[in-house]
Structures are given as structure tokens and as C-alpha cells.
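Colleague: Starting off with a structure, shown below.
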Amino acid sequence: MSSAPLTSTPPRLLPVKSNSPPPPQHPLLSHLPHCTSLRSLAQLHAAAVKAGLAAHPALVTRLLTLCTAPGAPPAHLAYARQVFDRVPHPTDAVWYNTLLRGYARSPSAASAAARVFARMLEEGVAPDTYTLVSLLKACAAARAGEEGRQAHAVAVKAGAAGHEYVLPTLINMYAECGDVRAARAMFDRMDGDCVVSYNAMIAAAVRSSRPGEALVLFREMQAKGLRPTSVTVISVLSACALLGALELGRWVHDYVRKIELDSPVKVGTALIDMYGKCGSLEDAIAVFQGMESRDKQAWSVMIVAYANHGYGREAISLFEEMKRQGIKPDDITFLGVLYACSHSGLVSEGLQYFDDMKDHGIIPGIKHYGCVTDLLARSGQLERAYKFIDELPIKPTPILWRTLLSACGGHRDVELGKRVFERILELDDSHGGDYVIFSNLCANTGMWEEMNRVRKLMNEKGVVKVPGCSSIEIDNTVHEFFAGDGRHPKSQEARKMVDEVIDQLKLVGYVPDTSHVFHVEMGEEEKATSLRYHSEKLAIAFGLLNTAPGATLRVVKNLRVCPDCHSMAKLVSVVFNRRIILRDLNRFHHFEDGVCSCGDYW
């Protein structure tokens, strides 16, 4: 049999003619060791079916093994299933385990894996720990929590739930399916220490937006003398990125340099992402340039980092260089480029790249549509943006309309803003930010009656505005401040420092920007007081108190930075000779010498 490249569509299987056991010395089977591709094996299989050898153990085993190998396309897995289904009464546990292992690598095969497992039980074949591990992995890959819970029940009945291989897989399954509580319950039952289990729990904490918990687990893992893997490091770097914990991220980077890890490209990509999200674009660039090899994801993450920091031209230049090196961009790459264009005012370029997606065979997703909406809205083309959303081939999400509503607020277009606000409420009336943006827009344009109606509606529905929260990392500790409250143990010191800072800023012309405080009953002084202790002001003041003169302050905020805090940060950068890097909900703001990188439009 001659070897040939794998085909995307395997040959059609012939019906089984005979179930009688084949003679083991049949000459056809001597070709098995030489079949290294699906095509050559399928040709042999066709001949074997005609010769009545369809159920020969050696042939079936070889077919299943090749078709379920790592990297095999979905069509090959489907072919393996057809081969398996044509065996009248499969009784070899290895066959079931091999097929289940193939499903474990597929993101949408949980139900198929469950059916194979059910047949295994029907045929009276006893599952072993390999069976349960592969079944649980298939459920994890498909995020199939219900099937995973059923598999867990089977493991309990078989007395295998506490097995050294099964228990870590259970932890990972629940973590992948988003059931962090169940994953933690399994984790706490472990007698020994297992790196795989720690990896699963750390990743689960990151996915559920609990980066602090992920870092606690990482420190616990180190204290026990467990050696982290590349999987551990990637998750920990993601936790640092969520927190904006640059110094801790740098420590992890130094740690990576001292130990040998597999997947250097993936670790390097995670480092680029961490540095970019922690505000150190210089370090992200250094890691990218120092990588011996880069895959598509590494290029894409670097492009996104440039975009987040407002370096649109640099992002586009890197995108073009990527294409020149023969690396085909994917949906994430285009998302980065579109984001760069929207935040740099490159309207025509952004629209051209959006059209180019079709040439690369990429179907735009909701995030791509969001970038185009933002691109048009930021440039003042509000009606065009409205029409773009209204004519999409998919149902618009509240986020798309929310993007346009925010732009209506910036351009003070209250009539369109009202139409957009009504469209949002049809889809989701529980988001406090929508009511705030529209009521502020009404107040800004003197529509006080409409503003009061919106706020009354907000109260009736029990919608609450998300409180502002800002964090700053000092000496490897992340400090969080909430607007106006005293949760932080040193909040009083921070508030006192805010007072001192504002007194100094007033000497150089600072005047509180109360244009976005819309309480008719408040006077100007009361409005200024309501702005004074916003979370980002507290974080900046705390940073001034606890860092050396001239040190860069890096602040992360969960919401869009308000105009008054933005003005205050610009003046602080001059008066106190500090560079301030603030990451808000939308982008990075680099304050230096009284100027912000966003050009005062965000």
C-alpha cells in the first residue's frame, strides 16, 4: 500500500459483510504496519471489509489509533466512530478508551462520548480508570457540566472517584465547566499534592475573575515544593494581568528565566499579554522581540497590546509585517487591528480592514461589529453607526447599542441617544450604566424632566450603579479603593493625601469638573465634594504616599475614568513629576507632563 497525505474527507465505509473471526495469518494484515495515513489505511480497510475482516482486532485497533491521534481533523474522528459502530459486539476496553480519548480532544463531543460509554456498559465491558479519565476530559473539553456530573456519579459507584488520576480530572472537569465550588470541593478531598489539580484550580479562579485567589493557590503550591509547569505560569500571568500586578508579573518572569519550561512560545505570549495589560508596553515589546519563534497568537497579542495603549499606527505596521512573513491573521488579529483603528481615529483604515476579513475567509463576530460601531461613533458618524447595527446579519447585543449610547453622550446627541437607550431596554433593562449615561446626557442638554423620568425608572427597577473600584500595586501587594468608602485600612491616610494634592493642584489652576454631576439639589461645592474621593484619586494619592519620588504609578479601574479624575491625573503628572498609567474599562491612559495619550477623547 502506498502512503498518501491525510484527506479532509475520508472514503465512504463499505457495509460489513461478515462477522466471522478472520484468520490471523491473512496476507492483507501484513500491510498494517506500513499504513501511516488515513487514506492508505482506509484503502486497506475497504479491502479488508470485502474479505470479511472488518472486525479484526488488529485492523480496528490500528484504525482507531490513527483516526484519534492528536491533531487529527474532525472528519477522522467521525471515521473512527463509523469503524467502531460497524463492529457487532465490541468487547475490547482498549477500543472504547481509544475512541473516548479522541473525543476528549474535541470541544463538542461530550454527548458522543457519553453514547460510547453507554454502549460500553451495555456490552458488559468493565470501564477502568483510563475510561473515566477520558470521559471526564471529553466533558471538560465540551464544557458539558451535566454529562460531567453523570460521569462523576459513575466514578463514585465504581469506587474510583478518589483515584490518583480520576480525582485531578474531576477537579479539572468542574473547573472547565465553570463550577468552581464543586472543583474546590474535589480539590479539598485530595490527600496528596498534585500539580495538575493546582493548575486546574488556579485556572478556574482566573476564569471566574478571582485573580487574588489564583495567586494564593500559586503561593501555596510553591510552599509545598511543587514545581510549576507552563500551564501554571500561564494562568498566574493571566491573574497578574487581571489585577494589573506588574511587579508580581515581573517576579514570575524572572522565575521563568531560571527554570526550563515547555511551550516557550505560549509562555512568551502570556508574558506579552501580562505586560501589555499591566501597563508596561516597553516590556511587552522586549519579550516579543526576544522570542526565538512566534506563532499567530504571539503576533496577535502584541498587536492588541499596541492597540490598548493607543498606538494605532504601530499596531497596523506590525499587522502588515506579520502578513509579509507569511503568517495568516485570524479573528483575534483582526480584532486587535480594528480596536487600534477605533482608538486612534483611523476610520478609513479600520473600515478597509473590516472588509479585508472576508478575503481571509473570516466571518466577523460580535466584537468585530463592536469595533466598527465604535470606529464610526467616535468619529461622529452616529446615524451611520445606528444603521450599521440595525442592519447586521445577526441580532445585536446590548453591548453594541451601549457603545453607541456612550458616543451619543460624548457628542451630546440626545435624540439619537433616546432611540438607542430604548433599544437597549428592549434587550436588557438591568444594567445601571445605561441609565446613568442617558440621564447624564439628558442633564447635559437641559432635558431635566426626561432625566428625572430615567432616574425614577432606574429606582423602580431596582437597578444599582456598579461602584467604582481602583487598585494600585505597591511592594508586590495590590491595594483596592472604592469610591467614597473606608474599606481599605489606610483609607483615611489616602483621603487626607487627596485633600493635600487637590490644594496643591488648585494653585496651578485646577477646578473640579462638575459637568457630569447631575443632582439639581446640589450646589457647586457639594458637587465638587462628591467627586473628591473617587476611587482613582484615592489610588493615586496612596501611590504618592507610598512610592519613591519620580516612581511611575500604575492604576487599574473597573469603570471608565471620569473627566474630573482625568484632569486631576494630568495635573498630578506635572506638579508631582510622576508618570501615571491608568487602565480603565476602555483603554490605557498614559499621563506624562500634563498630557494624556488618549488626546482627551476616551
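The values are calculated or read from the model by the stated rules, or taken from the named source; none is laboratory data. Please read all numbers here as calculations on a predicted model, not as lab measurements. Positions of Cβ are generated from backbone atoms using ideal geometry, with glycine treated the same way; all protein chains shown enter the neighbour counts. For accessibility, only protein heavy atoms count, side chains too; no ligands or nucleic acids. Shrake-Rupley method; radii C 1.70, N 1.55, O 1.52, S 1.80 Å.
Colleague: Specify the angular offset, from 0 to 90 degrees and rounded to the nearest 10, of the alpha carbon long axis of helix 398-411 from the longest principal axis of the alpha carbons in the chain.
Modeller: Helix 398-411 and the main axis of the chain meet at about 20 degrees.
Colleague: Setting aside same-chain residues fewer than 8 positions from LYS137, which lysines have a Cα under 24 Å from its Cα?
Modeller: Output for LYS137: LYS157, LYS266.
Colleague: Can you give me the angle between helix 448-460 and the longest principal axis of the chain, using Cα atoms only, in degrees from 0 to 90, rounded to the nearest 10?
Modeller: Helix 448-460 sits roughly 40 degrees off the main axis of the chain.
Colleague: Could you state the angle between the C-alpha long axis of helix 491-506 and the longest principal axis of the C-alpha atoms of the chain, as a value from 0 to 90 degrees rounded to the nearest 10?
Modeller: That helix lies at roughly 50 degrees to the long axis.
Colleague: Net charge near GLU480: determine it from the other residues with C-beta under 13 Å of the C-beta of GLU480, scoring Lys and Arg +1 and Asp and Glu -1.
Modeller: Overall, the nearby charge balance is 0.
Colleague: Further question on the same structure: Using modelled backbone amide H atoms (1.01 Å from N, in-plane), which distant-in-sequence or interchain residues come within less than 5 Å of GLY468's amide H?
Modeller: The list, which skips near neighbours in sequence, is ALA483.
Colleague: What translational diffusion coefficient, to the nearest whole µm²/s, does the chain have by Stokes-Einstein, given a Kirkwood radius computed over alpha-carbon pairs, a temperature of 37 °C and 0.692 mPa s viscosity?
Modeller: D = 117 µm²/s.
Colleague: Where in the stretch 166-263 are there trypsin sites (Lys or Arg not before Pro) that are in a DSSP coil and have at most 14 other Cβ atoms within 10 angstrom of their Cβ?
Modeller: Those satisfying the criteria are ARG189, LYS224.
Colleague: Count the net charge of all other residues whose Cβ sits under 10 Å from the Cβ of TYR510, scoring Lys and Arg as +1 and Asp and Glu as -1.
Modeller: Local charge sum for TYR510: -1.
Colleague: Enter the Cα centre distance for the pair the stretch 206-275 and the stretch 385-453, rounded to the nearest angstrom.
Modeller: The stretch 206-275 and the stretch 385-453 have Cα centres spaced 39 Å from each other.
Colleague: Once the whole set of protein chains is in place, how much accessible area is left on ILE259, using a 1.4 Å probe, in Å² to the nearest 10?
Modeller: 30 Å²
Colleague: A follow-up question, please. Mind computing the radius of gyration and Dmax over the alpha-carbon atoms of the stretch 205-293? Å is fine for both.
Modeller: 12.3, 35
Colleague: Let me ask you something else. Determine the alpha carbon to alpha carbon distance for each of LYS296/LYS557; LYS496/LYS570; LYS395/LYS465; LYS418/LYS465 and list only those over 28 Å.
Modeller: Long pairs (Cα-Cα over 28 Å): LYS296/LYS557.
Colleague: Can you give the accessible area per residue of the chain, in Å², using a 1.4 Å probe?
Modeller: 46 Å²
Colleague: Same structure, new question: What does the charge count near MET173 come to, summing +1 for each Lys or Arg and -1 for each Asp or Glu among other residues with Cβ under 12 Å from its Cβ?
Modeller: -1
Colleague: Ok, one more. If the viscosity is 1.306 mPa s and the temperature 10 °C, what Stokes-Einstein diffusion coefficient in µm²/s follows for the stretch 43-192 when Rh is the Kirkwood radius over Cα pairs?
Modeller: Calculated translational D: 100 µm²/s.
Colleague: Using the C-alpha atoms of the stretch 469-596, what convex hull volume per residue, in cubic angstrom, is computed?
Modeller: Convex hull of Cα atoms, per residue: 102 Å³.
Colleague: What does the accessible area of VAL574 come to, in Å² to the nearest 10, when a probe of 1.4 Å is used?
Modeller: 80 Å²
Colleague: Would you mind telling me the share, in percent, of accessible area of the chain contributed by carbon and sulfur at probe 1.4 angstrom?
Modeller: Carbon-and-sulfur percentage of accessible area, whole number: 52.
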